[in-house]
Amino acid sequence: MGMASKRLYRDKLELIIFFVIGAGLLFQSSCATLDVALKEPETVVSEEKPLKPMVFKSEEYVVCSLEGGETSVALAERYLGDAEKSWVIEDANEGISFEKDQMIIIPLKEENKGGLTADGYQVVSVLCYHRFAENCKSPLCTPTLIFDQQMRYLKDNHYRVISLNELLDFLNYRHAIPKRSVLITIDDGYRSCYDIAYPILKKYGFTATMFIYTNFAGVARGAITWDQLREMKADGFEVGSHTLSHCDLTKKKEGEDDQTYIARIKKELLVSKQIIDKKLNQNTIYIAYPYSSCNQRVMNICNQVGYKIALTVKRGGNPFFTERLTLKRDQILKRDIETFITRIKTFQELSLE
Amino acid sequence: MVMIGIASACAPAVKKPPKEIVSIPVEAPEEKFVKEYLRRGMEYEDKGDLVGAFKQYKLAMTVNPKNQEALENRNRLEMELRSSAKEHYKTGLKFQKKGKYGLARRQFLIALRLWPDYPEVVKVLTSKKRFDMKKYIVHTIKPGESLSKVAMIYYGDYYKFPIIAKYNDISDATDIKVGQKIKVPEIEGIEFFAGNVAVKTAKVEITDSELKKLKKYTMEGKEEEKEPEAEVKEEEKKPLDEVAIYRDHGVDLFMKKKYQEAIFVFNKVLNIHPEDSIALEYSYKSHFQQGIALFDKKDYMVAKDQFEVCLQYRSDCQKCHRYIKESESLYKEMHYRKGMQFFENELLIEAIRQWKLVKIIDPNYKRVDYLINKANTILKKIEEIKKTR
């Protein structure tokens with residue numbers, strides 16, 4: 001027997017052994033299945049139970065059964081390509097526990113960008129803070145423990161803190177946001193925003209938008225620095241303008257004529273934006289009116305200067321169809337958790353049938 | 001052969017399956033889900049929730065795209081939902097035309113719920129026409145006047161009343177009371193008349209306090225139009241005295257000797273109430289204390305600035321005048337001497353720099369001018385020697 005024929009013989013032998021093993025395994029599994037089916041004829045229904053997880057997909061949905069152990073984050077990563085979108089799956093499967101064999105729905109298209117239901121529409125609460133300290137009495141100052149308690153409440157009750165950028169998409173009916181969306185803003189630019197609020201927010205995985213007035217922030221002692229703002233920005237925090245000098249934009253100064261007044265207001269709005277743009281290398285499109293003061297003229301200038309969202313401290317939630325240059329905000333002044341809870345509004349009842 | 005052998009070997013080892021199992025038709029497992037979604041769809045339809053039913057049929061089709069019943073139901077509902085959305089949109093437009101903005105908005109929202117991508121509705125609900133309103137005049141509603149009549153008076157066009165309604169935040173344009181004050185804005189690109197006589201709008205002066213007062217005229221129509229903010233509005237009646245809070249905070253910072261922070265906070269108070277005596281007093285004190293601290297640190301010119309600011313608050317501050325004078329003379333003497341020291345150590349460039357600081361403030365101070373010239377001459381000579389070498 002030559003070398004070539006020897007190799008051929010060995011190959012054939014290997015093939016036969018492979019078949020024998022394969023067939024043996026097949027035999028074993030088929031026997032086992034039949035055995036179960038025969039031993040317990042009443043459990044025919046067990047055939048209906050999927051042996052393997054099922055996945056059905058269309059353009060709009062994925063309907064799938066869970067293997068067990070999957071989280072909404074993992075599913076979002078797998079089917080939506082973005083772990084951050086886990087809320088889409090959680091919102092679409094409210095009240096369903098993520099257990100083995102549970103069928104769940106994953107919407108692939110944003111199906112309700114306005115948050116509309118038969119009973120009403122989604123609104124977004126924007127919370128407004130100023131300063132923080134270990135202990136303080138002023139209503140515009142929030143003690144550390146109280147702030148921590150409030151943030152913990154949001155986390156424990158599955159609220160999701162969104163950014164102004166996400167809110168803008170919602171207001172433009174461009175993208176849906178989580179059902180329980182809230183936004184956190186901090187005005188003025190005090191140092192305590194970095195020292196106290198920032199670590200607490202990070203602890204709960206939240207971000208906030210800081211509205212700074214540029215004659216103070218980055219300049220004064222007790223104010224947040226540009227480096228600190230940059231650090232927070234890198235963590236997903238946003239920075240908006242609160243004007244140059246924290247002035248009442250609707251008020252003329254004594255002896256000021258119309259032209260001088262408008263020039264001053266334009267400067268307050270534009271220069272503060274330019275400073276923040278340059279310092280933080282961004283396009284600043286958010287502003288909070290100092291003292292919540294605005295009128296049509298101020299709004300027009302904001303629009304001209306390039307602000308897309310402007311916030312007051314008029315109380316209430318914001319639906320997608322609200323006026324973007326007079327968004328409502330809730331100042332968190334009282335410290336009891338009950339009052340805090342009443343401030344958070346994510347839905348407005350109105351029959352839409 | 002091996003496989004057959006194994007199969008036959010397996011067969012006798014297993015009991016025959018009971019007849020009833022064989023008789024049950026084997027259904028693909030997914031069909032169970034299709035049926036369930038179809039059942040739920042029907043249930044939603046029975047309840048009148050077509051949006052809910054539509055979703056269930058789409059889910060049934062996700063599981064089995066070929067299921068005829070699901071396909072038919074989905075197509076049928078899609079048609080129904082779109083047609084119903086169009087009806088609500090039309091009704092909304094009718095309400096809008098009548099100036100019933102609250103009711104109109106509800107109709108648009110219903111239309112959008114039924115058809116989430118309805119382009120016209122998305123546009124009407126999200127677009128914000130912002131007119132460039134420079135000036136306005138205040139018109140008091142007379143008996144028999146409506147908003148459309150007011151629009152006719154000022155714009156020569158009845159149909160421009162929505163501009164006035166929106167500018168005044170009026171949710172029901174038909175609900176206008178005699179005596180009510182309405183702002184009529186001048187709009188760029190639209191002629192502005194009072195009857196046949198053009199209104200000289202440049203002379204119209206409206207103060208911001210008047211504007212705030214006019215904000216009161218936000219009215220709501222029927223029950224369902226109202227924004228349920230009763231509790232909120234109650235609180236707004238007692239606005240937070242933000243200025244008082246800033247004032248207290250400023251005093252607090254002053255007591256803690258955080259003068260610079262206190263100044264910023266008092267500025268906020270003075271922005272709103274320029275005459276606020278406490279803010280004025282403490283601003284003065286804060287600047288003065290800052291001046292003293294800087295003076296002690298020998299940062300004389302910055303200290304001088306602080307004392308000069310103090311004079312803006314209290315022009316008769318004699319201490320401030322003294323400190324300004326003292327700061328200036330100590331500054332000059334300090335740099336003059338530093339210059340001398342550098343000069344003695346043959347550091348001519350540094351010496352000139354120091355004397356120049358003095359010269360900016362007082363060109364005739366001691367022999368500063370002579371010394372700068374002298375140092376420059378020596379420098380030149382050194383340069384020349386270096387060159388010849």
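The mean sequence distance of close C-alpha pairs (under 8 Å, at least 6 residues apart), as a share of the length of the stretch A:152-301, puts its relative contact order at 21 percent. For chain A, a crude dipole built from +1 on the beta carbon of Lys and Arg and -1 on the beta carbon of Asp and Glu, taken about the Cα centre, is about 1460 debye to the nearest 20. Extension gain, B:Glu78-B:Ile349: 0.36 nm per intervening residue step, less the Cα-Cα distance, totals 88.9 nm.
The accessible area of A:His175, taken with all protein chains in place and a 1.4 Å probe, comes to roughly 80 Å². Volume of the convex hull of the stretch A:117-349 (Cα atoms only), normalised per residue: 127 Å³.
Charged neighbours of A:Pro290, selected by a Cβ distance under 12 Å, balance to -3 (K, R count +1; D, E count -1).
How well do other chains shield peptide A:286-298, expressed as the mean number of their Cβ atoms within 10 Å of each residue Cβ? Walk me through the numbers on the way to the answer.
Details: counts 0, 0, 0, 0, 4, 6, 3, 3, 0, 6, 10, 6, 1.
Average neighbour count from other chains, rounded to a whole number: 3.
Distance from the Cα centroid of the stretch B:75-105 to that of the stretch A:163-227 is 39 Å (rounded to whole angstrom).
In the stretch B:93-122, the residues whose accessible area drops by at least 50 square angstrom when the other protein chains are added to the isolated chain are B:Arg106, B:Leu109, B:Arg113; the probe is 1.4 Å and only protein heavy atoms count. For chain A, the relative contact order comes to 16 percent (Cα pairs under 8 Å, sequence separation of at least 6). Other protein chain C-beta atoms within 10 Å of residue C-beta, averaged over A:55-63: 5.
Computed from the Cβ-Cβ distance with R0 of 22 Å, the FRET efficiency linking A:Ala83 to A:Arg174 stands at 0.55.
Take the accessible area of chain A alone and of chain B alone, subtract that of the pair, and you get about 6600 Å² summed over both chains, using a 1.4 Å probe.
Take the stretch A:117-349 with all the other protein chains still there, run a 1.4 Å probe, and you get 37 Å² of accessible area per residue. Ranking of A:Asp156, B:Asp299 by solvent-accessible surface, largest first: A:Asp156, B:Asp299 (1.4 Å probe, protein heavy atoms only, all chains present). Which residues of the stretch B:54-76 bury at least 10 Å² of accessible area once all protein chains are present, versus their chain alone (1.4 Å probe)? Those residues are B:Lys55, B:Lys58, B:Leu59, B:Thr62, B:Val63. Shown is the FRET efficiency for B:Ile360 and B:Asp296, computed with R0 = 22 Å from the Cβ-Cβ distance and rounded to the nearest 0.05: 0.40. Across B:Arg322, A:Arg78, the residue with the most accessible area heads the list, and the full order at a 1.4 Å probe is B:Arg322, A:Arg78. Solvent-accessible surface, computed for protein heavy atoms with a probe of 1.4 Å, shrinks by 40 Å² or more for the following residues of the stretch B:254-284 when the other protein chains are added to the isolated chain: B:Gln260, B:Glu261, B:Phe264, B:Lys268, B:Asn271, B:Ile272.
Peptide packing for A:178-190, A:100-112 was compared via the average number of neighbouring C-beta atoms within 10 Å per residue; ordered from the highest value, the list is A:178-190, A:100-112. Using only Cα atoms, tell me the angle between helix A:144-156 and the longest principal axis of chain A; keep it within 0 to 90° and round to the nearest 10. Around 40 degrees separate the two axes. Look at the dipole of chain A built from charges on Cβ: of A:Phe320, A:Leu201, A:Gly189, the Cα furthest out on the positive end belongs to A:Gly189.
In this model, which of A:Lys267/B:Lys297; A:Lys334/B:Lys123; B:Lys55/B:Lys90 are farther than 32 Å apart at the alpha-carbon?
A:Lys267/B:Lys297; A:Lys334/B:Lys123
Evaluate E = 1/(1 + (r/R0)^6) for B:Leu330 and A:Lys109, where r is the Cβ-Cβ distance and R0 equals 51 Å; express this FRET efficiency to the nearest 0.05. That pair, B:Leu330 with A:Lys109, gives E of 0.10.
Residues considered: A:Phe98, A:Phe56, A:Phe147. Largest GNM mean-square fluctuation over chain A, using C-alpha springs under 10 Å, is found at A:Phe56.
The values are calculated or read from the model by the stated rules, or taken from the named source; none is laboratory data. Model, not experiment: these values are computed from the prediction. Quick reminder, even Gly has a Cβ in these numbers, built from the backbone with ideal geometry, and neighbours come from all protein chains shown. Heads up: the accessible areas ignore ligands, DNA and RNA and are worked out on the full protein's heavy atoms, side chains in. Shrake-Rupley method; radii C 1.70, N 1.55, O 1.52, S 1.80 Å.
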